[in-house]
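Reviewing the structure listed below.
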Amino acid sequence: MNMDNKKEPAMTAIRSEKNRGGEDLYIRPAVLSDARQLAAFGKKTFQDAFARLHNKEDFDQYVSEAFSEDRIRSELNESTSFFFIAELSRQWVGYVKLAHTRPPDCVTKLPAIELARLYAAQEYWGCGIGPALIKACTDFARNHACRSIWLGSWKENLRGNRFYQKMGFEITGTKTFVLGSDIQEDHVFIKVL
Ligand SMILES: CC(C)(COP(=O)(O)OP(=O)(O)OC[C@H]1O[C@@H](n2cnc3c(N)ncnc32)[C@H](O)[C@@H]1OP(=O)(O)O)[C@@H](O)C(=O)NCCC(=O)NCCS
């Protein structure tokens, strides 16, 4: 399976009906020179979504490690990680990370790819950025001969979980996610392609 998407041409514009002003939404693979902006955008979107729900010390430590520029640069360099950026009029409005990781045992439609991060900018929540990014993920996964996409999503993230169900994902199991001293229970979702 050739997983090297780093040189894939940018995808064509995806028009989402809910986009404000009707501008075209472009989704493109991230490149190494995006590292700094991606680290800052990843940190901001994660904070906007979850900071208020966690112990500040645990949260800040996780964020400073997971979204350091060095960490993001090395993830961009990995042959098993794939980031896509959503842009409206050149402004970043969302991103997604796919990764070839070892899926939990409840994921049985193999090969499977993990949807490791999916975030829309807070001011664009509800504008259709997430669905467009999911479409990019399913296109990518199908083109790379995957039979399913899986992800872990915090059980308390009710809106996120409703979104994944709306996008055709189904709960197939549970797993834990460690955020500092906080051990969270995640639903494992799968979308069979
Ligand atoms: C989950 C997420 C990626 C979905 O992307 P999106 O572009 O907002 O997707 P949609 O436009 O389909 O909207 C999703 C739903 O959120 C609802 N919503 C949007 N903004 C909202 C807000 N401020 N408060 C409450 N609900 C809101 C929408 O009404 C929509 O519900 P609907 O399907 O009944 O219409 C995005 O909302 C997000 O980044 N959320 C925070 C991070 C997160 O939870 N990521 C996923 C888990 S790691």
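Of note:
- Percent antiparallel among DSSP beta bridges (both partners in the chain, rounded to 5): 90
- For region 20-192, the convex hull drawn through the C-alpha positions has a volume of 112 cubic angstrom per residue.
- Long-range amide H partners of Val93 with built H, under 5 Å: Ala86, Glu87, Leu88
- Alpha carbon centroid spacing (whole Å) that separates region 118-139 from region 144-178: 15
- From phi via Karplus (6.51, -1.76, 1.60), per-residue ³J(HN,Hα) for region 182-192 in Hz, x at Gly/Pro: 8, 9, 9, 9, 10, 6, 9, 9, 9, 10, 7
- Length available on full extension from Val192 to Gln122: 0.36 nm per residue minus the Cα-Cα distance, which gives 22.4 nm.
- Proxy reagent accessibility, fewest Cβ within 10 Å first, across Val96, Val63, Val192: Val192, Val63, Val96
Any read-out appearing in this document is the output of simple, stated calculations on the displayed coordinates, not a laboratory observation. Just so you know, these numbers come straight off a predicted model, no measurement behind them. Because the Cβ atoms are built from the backbone with ideal geometry, glycine has one as well, and the counts that use them run over all protein chains shown.
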